[in-house]
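The structure appears below as C-alpha cells.
The values are calculated or read from the model by the stated rules, or taken from the named source; none is laboratory data. If you're wondering where the values come from, they're calculated on a predicted model, not measured in any experiment. With ideal geometry, Cβ positions are generated from the backbone for all residues, glycine too; neighbour counts draw on all protein chains shown.
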Amino acid sequence: MIDAIQADAEERMTKSVEALRHELAKIRTGRANAGLLEHLRVDYYGTPTPITQVANVSVADARTLSVTPWDKSVMQVVEKAIRDSDLGLNPVTTGEAIHVPMPPLTEERRKEMVRLVGHEGEAAKVAVRNIRRDAISHLKGLLKNKEVAEDDEKRALDVIQKLTDKYVAELDKLMAVKEKDLMEV
C-alpha cells in the first residue's frame, strides 16, 4: 500500500516536471525552435487544428523557422495564426513555405520572459508540493486506520520528502537553464 502511494506520487511529480518542460518550450528565446509553434491552432475546414497537423515546422537556420503546409489552400490561415499569436512574430510567405524570422529580444522583453519563467516554475513547484500533501494525507489515513505501523509511516514520509526535494531541484534546474538561455544575447 505504501509503495503504491510512493509510486503514484513519483509518477505525478514526473508529470509536473514534464508539464513545466513543455511550458518552457513555448517561451521563446532569440533562437529558432520548432516547438515554439506547437500550441498554435489553425482553422482547418472549420475545425481548430494544431499547426503541426497541417504543416511541417522545421528550423531553417538559427533565427528562422520554416513552415510548409501540406495543403497549400491553408497557407493564408497558417500565416494569420502565426501573426495573430502572442509570440510577436511576423511570418513571410514565399511560394511553397512560410518563413518566420525570430526578431532579437530587447532587454525589457528578456526580463519579462524571465519573470514568466519564474511564474511557470513556481506553479510547477506548487503542483509538486500539492502531490506531497496528498501522499502525506494518504499515509496519515493508513496510520489512523491502523493499516500500517508508525515506523513504516515515518519511513514513507521521509521517502516522499526526498522525492519532493529531488523534483523541486529538477524544476529549479530547468528554470535556471531557461533563464540563462533567455538572458544570452
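Miscellaneous remarks
- Top-ranked residue of segment 158-185 - restricted to ones that are crowded, with 17+ Cβ neighbours inside 10 Å and aliphatic (A, V, I, L, M), ranked as modelled with the lowest pLDDT: Leu182
- Within segment 13-125, strands (runs of 3 or more DSSP E) holding 3 or more residues that are of a type in the set (Val, Ile, Thr) and surrounded by fewer than 19 Cβ atoms within 10 Å (Cβ to Cβ): 92-94
- Those residues of segment 62-81 which are more than 11 Å from Glu96 (Cα to Cα) and under 25 Å from the mean Cα position of the chain (by Cα), in sequence order: Ala62, Arg63, Thr64, Leu65, Val78, Glu79, Lys80, Ala81
This table checks each residue for (1) in contact with a strand residue (DSSP E or B) (Cβ under 7 Å, 6 or more places away or on another chain); (2) outside the structural domain of Leu171 (by TED's automatic domain parsing); (3) more than 25 Å from Met113 (Cα to Cα).
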| site | (1), (2), (3) |
| --- | --- |
| Thr14 | no, no, no |
| Pro48 | yes, yes, yes |
| Gln53 | no, yes, yes |
| Val57 | yes, yes, no |
